[in-house]
Amino acid sequence: MSLSTQQLSVGYHQKAIVKHIDLNLPEGKIIALLGPNGCGKSTLLKALARLLTPMQGEVQWQGKALHKIPSKQLARQIALLPQTQPIPEGIKVKDLVAYGRSPYTGFWGRTNQADQEIIHQVMQETGISELAEQLVSELSGGQRQRVWLAMTLAQDTPYLLLDEPTTYMDLNHQVELMHLLRRLNQQGKTIITVLHDINQAARYCDHLIVMKEGHIIQQGLPTDVLTRELLKSVFSLEAQIHQDPIAKTPMCVVE
Amino acid sequence: MLLISWLSLFTWSSITISPLDALQALYQFDQDSIAQHIVRDLRLPRVLVALLVGACLAAAGVIMQGLTLNPLASPSVLGVNAGAALGMALVSTITPWFGLLGTTMAAMIGGGLAWSLVMLLGSGWRTGNEQGRLVLAGVAISALCAALTKALVIIEEDQASAVITWLAGSLTDARWQTFDAFWPVAVVGLLGASLLSPSLNLLQLGDDNARNLGVSIGFVKLIGSFLVLLLVGASLGAVGSISFVGLLVPHMAKLLIGQDHRRFLPIAILLGASLVALADTLSRAIIFPMETPAGAILALIGAPFFIYMVRKKTL
């Protein structure tokens, strides 16, 4: 297990939002973090990417506490796409994506040929090549989200952490994104993503982790995790579980 | 183009020497050597100090704006100038105790304390939110320091004129020894600023993204603050309180070059240097036999440009 937590408690202003979590994040999978608003899934994700310092316990990367790993080195292993992103002034799309290469570039931050190839490739994958010369601040919310995603992908890390990446996106881009995540996963990346849409998670992810009030309630394969009882206890939702007619994955239909 | 403007500054200052032909005419004996003496012993160090002061203050402004993500961040707005002035005033009035410290050190310590206080009060280390608070804290601390400085000046009247000259910011007293004490610190500060610029770029994306991209935020902020104190303390110690350069020049450079710190920092340094040298030249030219403080000239140049920028786009 490359990324794991031991008795992890983390939160804001002395108040723990994630409470005593022991978790192993299986390598090579697409993992979804699910749960109602405020359950701590985003907080957990931030702690996994060392953006939050644990109050108790720790996050370990290959058996080593995160805070003991030099930041630049860790930035080549774990990348996070936060949920809300600032709107940077006067930065071109291609320059923002190029910042994703910072963990690899030298002191002056100059990109070389190999960096440029990766930048070019991730811009194609996220469908923003034609926006390269535009200012990030002039794009629509969905386009901007894809630019930030491209920057995160340019980091080229084995672990990719995404916090509700499909927010602000049109439906077709959401589907494209989930397919892109599949492709990246087949190339060997471990993907951990917070998702709001349970059906999206069930359809595209290998492993679901369901949280409520800072604790992990259930985890495993979508077919095992998604049950009537779970939806009722975690989301207070009366719903039936059917089989997705195309992907054959579980699909919940609200009563 | 900037190189030419930079070079032209030398010629400018030697042109303002030409009214000195009148003086030379008065001292007719040995006229050549006196003109040369003036240029070599007075003008040259003065121009060099002006250039360095401009460069340092511009770089300090770039770092402060880069660290706080606040477009108004600059030595004068965030209390560094006022704090340094207070430090200076303390040194020059309560001599026996504080006199051991040099004026530069006093300026650095005063500025550093004032700035730390502003950052604490205005929660300036948490980037992104509550930008107004930081500026408010800066204004408040500046006012407090200014009041204390005035009080000291009134209490110790015999030292008052030195402090007041210093507050106005003038290069009149810049000599070779000023330059000799100044340039090593300035060079260290400017080099440090350039090395910091890639990290400043990433900080503009917010703390989360910067950390995610491998920036040690605490380290960058610590080094950045230290460099600011070095740059500002050295400049203020050399020539006194000069405002507007740190606030304005980074915006001018961004307007010309774009938002990449690696590219606009050198431009800001050149612009700042040119601007202060120009202001100093004008300070001799405006009311010729008398000198207008360069700080006042800078405010005269700076204010219209600032209004223009505020009108043109939201900072």
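Other residues lying with their Cβ under 15 Å from the Cβ of A:Lys41 contribute a combined charge of -1, Lys and Arg counting +1, Asp and Glu -1. Taking only the C-alpha atoms of the stretch B:145-194, Rg followed by Dmax gives 15.1, 43 Å. Rounded to the nearest 20 debye, the dipole magnitude of the stretch B:45-312 is 660 debye, with +1 charges on Lys and Arg beta carbons, -1 on Asp and Glu beta carbons, and the Cα centre as origin.
Derived from the Cα gyration tensor, the three semi-axes of the equivalent ellipsoid of the stretch B:184-315 are 30, 18, 11 Å, largest first.
Among residues other than B:Ala253 with Cβ under 13 Å from its Cβ, the summed charge is +2 (Lys and Arg +1, Asp and Glu -1). Sorting B:Val91, A:Val225, B:Val239 from the fewest to the most surrounding beta carbons within 10 angstrom yields A:Val225, B:Val91, B:Val239.
Using only alpha-carbon positions in the stretch B:45-312, the gyration tensor eigenvalues give semi-axes of 28, 21, 17 Å once each is multiplied by 5 and square-rooted (largest first).
Mean-square fluctuations from a GNM of chain A, with a 10 angstrom spring cutoff on Cα atoms, peak among A:Gly90, A:Gly100, A:Gly214 at A:Gly90. Looking at the stretch B:141-237, the trypsin sites (Lys or Arg not before Pro) that sit in a DSSP loop and have at most 14 other Cβ atoms within 10 Å of their own Cβ are B:Arg175. Based on DSSP H segments of at least four residues, each scored -39500 (n - 2.57), chain A has a per-residue ellipticity at 222 nm of -9000 deg cm²/dmol. For chain A, the relative contact order works out to 24 percent when only alpha carbon pairs closer than 8 Å and six or more residues apart are counted. In the elastic network of chain A, a GNM with C-alpha springs shorter than 10 Å, the most mobile of A:Ala150, A:Ala202, A:Ala239 is A:Ala239.
The charge dipole of the protein assembly as shown, taken about its Cα centre with unit charges on the Cβ atoms of Lys, Arg (+1), Asp and Glu (-1) only, comes to about 640 debye.
Seen from every direction in turn and averaged, the convex hull around the alpha carbons of the stretch A:86-155 projects onto 4.4 nm². Positive end of the charge dipole of the protein assembly as shown (Lys, Arg +1 and Asp, Glu -1 on Cβ, about the Cα centre): tell me which of B:Ala82, A:Thr166, B:Ser142 has its Cα farthest that way. Highest projection toward the positive end goes to A:Thr166.
Both numbers refer to the Cα atoms of the stretch A:150-191; Rg and Dmax are 10.3, 27 Å. Toward the positive end of the charge dipole of the stretch B:45-312, with +1 on the Cβ of Lys and Arg and -1 on the Cβ of Asp and Glu, the farthest Cα among B:Gly169, B:Leu152, B:Ala193 is that of B:Ala193. Maximal additional length on extending the A:Gln116-A:Val254 stretch stands at 45.0 nm, based on 0.36 nm per residue less the C-alpha distance.
Gyration tensor over the Cα atoms of chain A: the corresponding equivalent ellipsoid has semi-axes (square roots of 5 times the eigenvalues, largest first) of 30, 23, 16 Å.
Computed from the alpha carbon atoms alone, the convex hull of the stretch A:14-149 holds 159 Å³ per residue.
Toward the positive end of the charge dipole of chain A, with +1 on the Cβ of Lys and Arg and -1 on the Cβ of Asp and Glu, the farthest Cα among A:Val18, A:Thr111, A:Ala65 is that of A:Ala65. Spatially close Lys pairs in the stretch A:6-116, defined by Cα atoms under 16 Å apart and a spacing of eight or more places or different chains, total 5.
Of the Cα atoms belonging to the protein assembly as shown, the radius of gyration and Dmax stand at 29.3, 108 Å. Residue exposure proxy: A:Asp115, A:Asp206, ordered by other Cβ atoms within 10 angstrom of their Cβ from fewest to most, comes out as A:Asp206, A:Asp115. When each of B:Cys56, B:Cys145 is scored by the number of other beta-carbon atoms lying within 10 Å, the sequence from fewest to most is B:Cys145, B:Cys56.
Laboratory data are not the source of any read-out in this text; all were calculated from the coordinates shown. Predicted model only: the values in this text are computed from it and were never measured. FYI the Cβ positions are ideal-geometry reconstructions off the backbone, even for glycines, and counts take in every protein chain you see.
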